[in-house]
1. Sequence-distant or interchain residues sharing an amide H contact under 5 Å with Asp304, placed H: which?
2. Just want to confirm a number: the relative contact order over the range 138-229, from Cα pairs under 8 angstrom separated by 6+ residues, in percent.
3. If you plug each phi of the range 171-176 into the Karplus form 6.51 cos²θ - 1.76 cosθ + 1.60 with θ = phi - 60°, what whole-Hz ³J(HN,Hα) values come out, in order, with x for Gly and Pro?
4. Please turn the phi angles of the range 306-316 into ³J(HN,Hα) values with the Karplus equation 6.51 cos²θ - 1.76 cosθ + 1.60 (θ = phi - 60°), one per residue in order, whole Hz, x for glycine and proline.
5. What shape does the range 138-229 have by the C-alpha gyration tensor, where a ≥ b ≥ c are the square roots of the eigenvalues, rounded means a/c under 1.5, and otherwise prolate means a/b greater than b/c and oblate the rest?
6. Would you please give the residues with an amide H less than 5 Å from that of Gly355, counting only those at least 5 places away or on a separate chain, with H modeled from the backbone geometry?
7. Over the range 200-355, what relative contact order in percent results from Cα pairs under 8 Å that are six or more residues apart?
8. How big is the gap, in Å, between the Cα center of the range 331-358 and the Cα center of the range 248-286?
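No value in this document is a laboratory result; all are computed from the given coordinates. Values in this document were obtained by computation on a predicted structure and should not be read as measured data.
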Amino acid sequence: MNQDRLRLDLADLAEEVTPVDLRDRALRTSRRLGIQRAVATSAAALLVLAAATGTALAIRPEGRAPEPAGPSITSTAPPVERTPNPTAEPPSKDPSAGAGQPQSALTGTRYYLEQTSGRSRIHAVRGTQDRVVHEVVREDGGCAANTVTVSPDGKRVAWVRDGTDDTVSGILSITTVGDSGGTTLAEGISCLGSRSLRWQGDDLLMAQRKNGRSVLYDTAARKEVGGDPGEETNRCWSADGTWLAAVSEGKPYVTDGTDSRQYTYTPPEREAVKWDGWEARSVSPDGRFVAVGWIGTDPSRRDDSFAVVDTTSSKTVDLPGTGEVHGVLFDADGTVLVRRGTGITVLDRDLRPLGTVDEPASIRNRALLAYVP
């Protein structure tokens, strides 16, 4: 009886116990462990990737970090509108790359002298534009052809009109570029020589009377302001009128009124025999360089030059560029124009190249009188 009772109690207990599927439990446990392991692995991978990326960026600050390995996931990022940097400047252009493009190397105006039958024309060339801005009617072979000149700022034209008493002197006239006629400054002014009229800056003009006395005129005030400053000959001023290059007692020198220095120059012997010496034709604004040209054996004007001399060392300067030098012009702002066979080599005040400018065939035979930036 006790055994029967025990069996009945055990049966009742068995009915109250919920059956457990061990396989299902094992699967759930396996999935849970897999998820935990995946999370832990992913976290570790991210830490390693972050460390690796930081190291890569530290080594290559401009490089791109490698893409993390992982499942291939395709996503479309929203479009990004790029805002231009307002402070960014366009890349600078190499001036020498503008060969043949006047606007890139010379932005100012060049003044040329054209001699035609009975007329002397002043051309203003800016970029690719060539305009006749002034015209002087003259006699062929007369004083005007040998004297027409433009002030360094391009505002005034001066020349010597033919006189009535002889063919070697005349009437010194001045006018504004573009105006007709002219104002008389003086009579009996010589019109002979390689440079009979010489500008000292934009307003002062030196001429020579028939008796050989040099006279300085203020072209703005239309009056004489000074006589011969000494026994100098072959005078030439810088475009700003600060430095004078001249010859005293046969010795060439430069001066700004305070600082003076002599220099020497020996021209090419083979060429020198053809000429009556040389003289300064253009002076740099600091007086360091002078462009020299030949003096003709006949008393006619010469506007060309063939070499540059360093007045601090008396050495001839090796100018940048190729081809024979036909003329050198030092401007007041430091720009240097070196004329060659087909164009102009543009230099800075230290004679370093800035670029080149083509000169059309119609311009090459004209005298370059001035350059205004």
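1. Here the answer is none, since no amide H 5 or more places off falls under 5 Å of that of Asp304.
2. It rounds to 20 percent for the range 138-229.
3. Once rounded to whole Hz, the list reads 10, 6, 10, 9, 7, 7.
4. 10, 7, 10, 10, 7, 6, 7, 10, 6, 9, 6
5. It is oblate, given that a/c is not under 1.5 and a/b is not larger than b/c.
6. Correct list: Val346.
7. Relative contact order comes out at 14 percent.
8. 21 Å
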